[in-house]
């Protein structure tokens, strides 16, 4: 079990000036905040937080002066956007939430495209998600249908009907996984403005913001000013066919709206949308506590397009700091009693070309032949299985692999055994895990940094959605074979550079405390729930509630 000092330390979270202090907080219970602001910064690793922490002067500095957990963990193996966001406001591991990956395979669905997107409702006839990395993501209906558990905002609404549950994000999967099914308002970026659930109207404040964004997004934008502290990060790194990263300051020519997401301006638009919703709905100003989840996505798009260690990320960290500072200033000016939690859905790995220059011998791009299609053909040929239909399915080179259901049971076992042996022998593969072996493992407890790879995979596992076997790559392997489509680096591994994220709490008058021991993102919902009077019992969470002296009772016991 994790050390009890973690729980005790979080008592600082509710020691608010004017209501309690270190001497008398056992005798005074602070008022519940009127607004919970839960922020996820996509791909904001613990490494990034540590690297740039000393340079923060605004919003992130404020948070760093609150309650700080520099070693938070997205403890599961499938460190992707949808699974990560599914843990933050539910308090359960991604497998239990039903979100095993961004995409998975469901051979039973009645459409040619068997790939299911975590934030779609594939039950709707005529829909198809297509390719998540493409500019057009197919004709699908965004939905939280796949999320199997309630979020904190949904739990709050059940016991407090006057409370509002809102989500705003740069990605539909971020908004839906943090907001859940029962949301009063929900928005995410789509094309050149913010969209919402099918059948709902966009509120006037967001519609006006869309008009403002639409009027400027296609216009040229000068480069950001390069801070002196970022000059050391500026260095050309060649990759692909004569392309480079490391020197870009986000200037845009006319007509370049398609690259808007990969710039600090994108986070400012998301914060502007969140602010518009807060102002229009008067969140935090009513009788009951409200919840708004905010998913900031620019860091992820920048990390994918330029890596985590160049000029581009340095500029982004400074702009993220300023954008958050402006956001908090707006809330301060409205005299809202709010509590902020900030974390990330996953970390990230820098592009291998720069890592190689820095002397990291394990940094490689993945073998383009390590994929379900190529492996499946080899297996079928070796087993003399006739026909040209695939025998293996997967969404990518790592993660869940599925054996075709059109084969006989005997053939399926042969294909699985042969494929596992072939993939496990590859020098870029760390481990291949059979689903039966994963299912037999108890849900891990205790400090997540000590979990085995199989235990990490277990936290992502769902018996109804996970594959027949799961492929885990070795450290330093980037699962992108080429950079022709604009992505040079990524995440998704079971390694700590993808799992470790900061977890930060702040409220006016909070006493600064830093806890170096590991915690998990599944601890966030129980923590906030205890603060606002939402009981999340031990059987409803994989996390840890707070034993807070002078505050709400510990709902885990």
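When you scan region 377-387, do you find a residue that is surrounded by 13 or more Cβ atoms within 10 Å (Cβ to Cβ) and out of contact with any helix residue (DSSP H, G or I) (no Cβ under 9 Å at 6 or more places or on another chain), even just one? There is at least one residue in region 377-387 that is surrounded by 13 or more Cβ atoms within 10 Å (Cβ to Cβ) and out of contact with any helix residue (DSSP H, G or I) (no Cβ under 9 Å at 6 or more places or on another chain). Residue 389 falls short on exactly one of the conditions (1) modelled with pLDDT under 95; (2) touching a strand residue (DSSP E or B) at 6+ places or on another chain (Cβ under 8 Å), and that condition is (2). Does region 290-299 contain any residue that is buried (at least 18 other Cβ atoms within 10 Å of the Cβ), in contact with a strand residue (DSSP E or B) (Cβ under 7 Å, 6 or more places away or on another chain) and assigned to a loop (DSSP other than H, G, I, E, B)? Yes, region 290-299 contains a residue that is buried (at least 18 other Cβ atoms within 10 Å of the Cβ), in contact with a strand residue (DSSP E or B) (Cβ under 7 Å, 6 or more places away or on another chain) and assigned to a loop (DSSP other than H, G, I, E, B).
In region 443-464, the residue that is modelled with the highest pLDDT out of those that are surrounded by fewer than 15 Cβ atoms within 10 Å (Cβ to Cβ) and touching a helix residue (DSSP H, G or I) at 6+ places or on another chain (Cβ under 8 Å) is 463.
Taking first residues from region 188-212 that are closer than 20 Å to residue 256 by Cβ and partners that are in a loop (DSSP other than H, G, I, E, B), the Cβ contacts under 6 Å between residues at least 6 apart in sequence or on separate chains come to 189/170; 192/217.
Results for (1) under 17 Å from the mean Cα position of the chain (by Cα); (2) touching a residue at least 40 places away in the same chain (Cβ under 8 Å), shown as yes or no for each residue.
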position	(1), (2)
154	no, no
157	no, no
160	no, yes
165	no, yes
171	yes, yes
178	yes, yes
185	no, yes
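Within region 352-368, the set of residues being touching a residue at least 60 places away in the same chain (Cβ under 8 Å) and surrounded by 12 or more Cβ atoms within 10 Å (Cβ to Cβ) comprises 352, 353, 354, 355, 357, 360, 362, 363, 364, 365, 366, 367. For region 439-458, a tally of residues being without any contact (Cβ under 8 Å) to a residue 40 or more places away in the chain and either in a loop (DSSP other than H, G, I, E, B) or in contact with a strand residue (DSSP E or B) (Cβ under 9 Å, 6 or more places away or on another chain) (or both) returns 5.
Here is a list: 275, 308. Which entry is part of a helix (DSSP H, G or I) and at pLDDT 95 or above? Sole residue among the options that is part of a helix (DSSP H, G or I) and at pLDDT 95 or above: 275. The helices (runs of 4 or more DSSP H) found entirely in region 35-131 that carry 2 or more residues being in contact with a helix residue (DSSP H, G or I) (Cβ under 6 Å, 6 or more places away or on another chain) and at negative phi are 59-64, 81-88, 94-97. Annotation note: of 486, 509, 467, the sole residue that is outside the structural domain of residue 342 (by TED's automatic domain parsing) and at pLDDT below 95 is 486. Can you say whether residue 28 is more than 24 Å from residue 499 (Cα to Cα) and either modelled with pLDDT under 95 or surrounded by fewer than 21 Cβ atoms within 10 Å (Cβ to Cβ) (or both), as far as the supplied structure shows? Yes; evaluated as a whole, the condition is true for this residue.
Considering only region 124-143, I want to know if a residue exists there that is modelled with pLDDT of 95 or more, within 28 Å of residue 542 (Cα to Cα) and out of contact with any strand residue (DSSP E or B) (no Cβ under 7 Å at 6 or more places or on another chain). Within region 124-143 (the criterion being modelled with pLDDT of 95 or more, within 28 Å of residue 542 (Cα to Cα) and out of contact with any strand residue (DSSP E or B) (no Cβ under 7 Å at 6 or more places or on another chain)), the answer is no, since none of the residues qualifies. When residue 472 is tested against (1) under 30 Å from residue 35 (Cβ atoms); (2) in a strand (DSSP E or B), just one condition goes unmet, and that condition is (1). Please work out if residue 287 is free of Cβ contacts under 8 Å to residues at least 24 places away in the same chain and assigned to a loop (DSSP other than H, G, I, E, B). For residue 287, the condition - free of Cβ contacts under 8 Å to residues at least 24 places away in the same chain and assigned to a loop (DSSP other than H, G, I, E, B) - is not met.
Considering only residues that are on the phi > 0 side of the Ramachandran plot and buried (at least 18 other Cβ atoms within 10 Å of the Cβ), which ones fall in region 159-192?
Residue satisfying the conditions is 180 alone.
With respect to the stated conditions, residue 96 is modelled with pLDDT of 95 or more and either over 17 Å from residue 396 (Cβ atoms) or within 16 Å of the chain's Cα centre (by Cα) (or both).
The values are calculated or read from the model by the stated rules, or taken from the named source; none is laboratory data. All values reported here derive from a predicted model rather than from experimental measurement. Cβ atoms come from the backbone with ideal geometry, glycine included; neighbour counts cover every protein chain shown.
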